[in-house]
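Structure record follows, encoded as structure tokens.
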Amino acid sequence: MTKILSVFLLVLVQSTAWAQFRVEVSGVGLTQVPVAIAAFRGEEAATQKISAIVQADLERSGQFRGVDAAGASLDETTRPDFSNWRQKNADALLAGSVTRLVDGRFDVRFHLWDVVRGQDLGAQSKAVVAGDLRVAAHEIADFVYEKLTGDKGIFSTRIAYVTKRGQGFNLWVADADGESPQSALASPEPIISPAWSPNGRQLAYVSFEARKPTIYVHEVASGKRRLVANFKGSNSAPAWSPDGKTLALTLSRDGGSQLNLLDLSVPGSEPRRIAQSGSIDTEPVFTADGKTIYFVSDRGGSPQIYRVAVAGGNPERVTFSGNYNISPALSPDGRWLAYISRVSGAFKLHVMELSSGTATPITDTVADERPSFSPNSRMLIYATQQQGKEALMTTTLDGKIKARLAGQTGDIREPNWGPFQK
């Protein structure tokens, strides 16, 4: 699909048709696919505007640029005038319809075309209840994204994050665009470090309900949860192994803060310590093959990111620039490390290409925290402060396209991007 890619060097500051979703996009220069998305026939009678949601998803990814389709009267059955759309500089065209069925559900249909080649790229239909119209729109965006880039779309995945309002804490689960937030847990005590299980059905997190940090595993669908780590001292920083059978966590029961592995398949199992050190070791994350753990340690005198084999061995330092590097996150494809670095007193999101060790700051904000990769490795979510307000942001890995997500108000923190839905 590379032939339909076009290079556009422009400054984007957009908050137009999709501002209703509180998505703000800004960036400079990117290779983007110009795609026209016509208003779906009948969507004005539905509770969600499918075409606007799809367009907002695609624009937020940084891979697409919207082409004005205002006034176009199309649906999935229309044979497009490809010459007309080529004159509008569109490389792809999406059209569809939303029809209310007699049982109250909505029949959502769409068709995608390659305008440059005049080719049919596929069509689908699905009947959904009104409450699932947004999900249907995200699935259409995933279809378009995959057809036009070759990579899986992430718009129907979910995110988790924590808010603090007054004296209360809340763990939220929301769509990847921040919409449709659902409270998974409300507590008067702090909740930190939520982490999605690889199957996307569970969240591990740290709760202070016992007036000390302990770790729970929480079933998102049912709300059932179980206490998995309540050892002497502090229990913190849970991270799932890729097979979902093991948690890496930080325990202080042996003194200091040390990395351990906990087998979740055996109730009551004893943690296994990974490395011996008199320093503070914390914030573990597994590589995609499960063989290596990246973590933060002050063993060199200041917080830096290291890696160590799960089987044991000598840790290897990964970050060398600056004297304060924390919150490592690894891309699922293994190419990138994101982390927070303190630079002249500002906490800024950095992305390192692991093969070269080249690290780049990608934000202009000063209070970034806890990055997490999208499951296709193309985007990051992080918390920060923007214009004096707490914000959840997504960004492309080069930092050129950023979007402020919808979400709850208050002190927003600890975002974590869930896996592909299975």
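Step by step: first the residues of the stretch 220-278, then only those that are part of a loop (DSSP other than H, G, I, E, B) and among the hydrophobic types (A, V, I, L, M, F, W, C), then the one that is surrounded by the most Cβ atoms within 10 Å (Cβ to Cβ). Which residue is that? Filtering the stretch 220-278 for residues that are part of a loop (DSSP other than H, G, I, E, B) and among the hydrophobic types (A, V, I, L, M, F, W, C), the one surrounded by the most Cβ atoms within 10 Å (Cβ to Cβ) comes out as Ile274. Restricting attention to the stretch 263-308, the residues being aliphatic (A, V, I, L, M) and more than 22 Å from Val351 (Cα to Cα) number 5. Scanning the stretch 279-301 for residues that are of a type outside the set (Lys, Arg), surrounded by fewer than 22 Cβ atoms within 10 Å (Cβ to Cβ) and without any contact (Cβ under 8 Å) to a residue 24 or more places away in the chain yields Ser279, Thr292, Asp298, Gly300, Gly301. Picking from residues in the stretch 305-351 that are of a type in the set (D, E, K, R), open to solvent by 40 Å² or more (accessible area, probe 1.4 Å) and touching a strand residue (DSSP E or B) at 6+ places or on another chain (Cβ under 7 Å), the one that is farthest from Leu380 (Cα to Cα) is Glu316. Taking the criterion of being free of Cβ contacts under 8 Å to residues at least 60 places away in the same chain and closer than 21 Å to Ala137 by Cβ, the residues of the stretch 109-119 that qualify are Arg109, His111, Leu112, Trp113.
Residues checked against (1) assigned to a strand (DSSP E or B); (2) more than 27 Å from Arg105 (Cα to Cα); (3) at pLDDT 55 or above; (4) among the β-branched types (Val, Ile, Thr):
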| site | (1), (2), (3), (4) |
| --- | --- |
| Val7 | yes, yes, no, yes |
| Thr31 | yes, yes, yes, yes |
| Pro34 | yes, yes, yes, no |
| Thr47 | no, no, yes, yes |
| Gly62 | no, yes, yes, no |
| Leu74 | no, no, yes, no |
| Thr77 | no, no, yes, yes |
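Scanning the stretch 112-119 turns up one or more residues that are touching a Pro at 6+ places or on another chain (Cβ under 9 Å), buried (at least 17 other Cβ atoms within 10 Å of the Cβ) and outside any strand (DSSP E or B). Of all residues in the stretch 352-404, exactly one satisfies the criterion of being open to solvent by 50 Å² or more (accessible area, probe 1.4 Å), at pLDDT 95 or above and either of a type in the set (A, V, I, L, M) or more than 18 Å from Leu337 (Cα to Cα) (or both), namely Val366. The residue of the stretch 128-156 that is most open to solvent (accessible area, probe 1.4 Å), among those that are in a loop (DSSP other than H, G, I, E, B) and over 30 Å from Val102 (Cα atoms), is Lys152. Scanning the stretch 198-219 for residues that are under 22 Å from Phe286 (Cα atoms) and open to solvent by 10 Å² or more (accessible area, probe 1.4 Å) yields a count of 7.
The values are calculated or read from the model by the stated rules, or taken from the named source; none is laboratory data. These numbers were taken from a predicted model, which means no experiment stands behind them. Here Cβ is always computed from backbone atoms with ideal geometry, including for glycine, and neighbour counts include all displayed protein chains. These area figures cover heavy atoms from the full protein model, side chains too; ligands, DNA and RNA do not enter into them. Shrake-Rupley method; radii C 1.70, N 1.55, O 1.52, S 1.80 Å.
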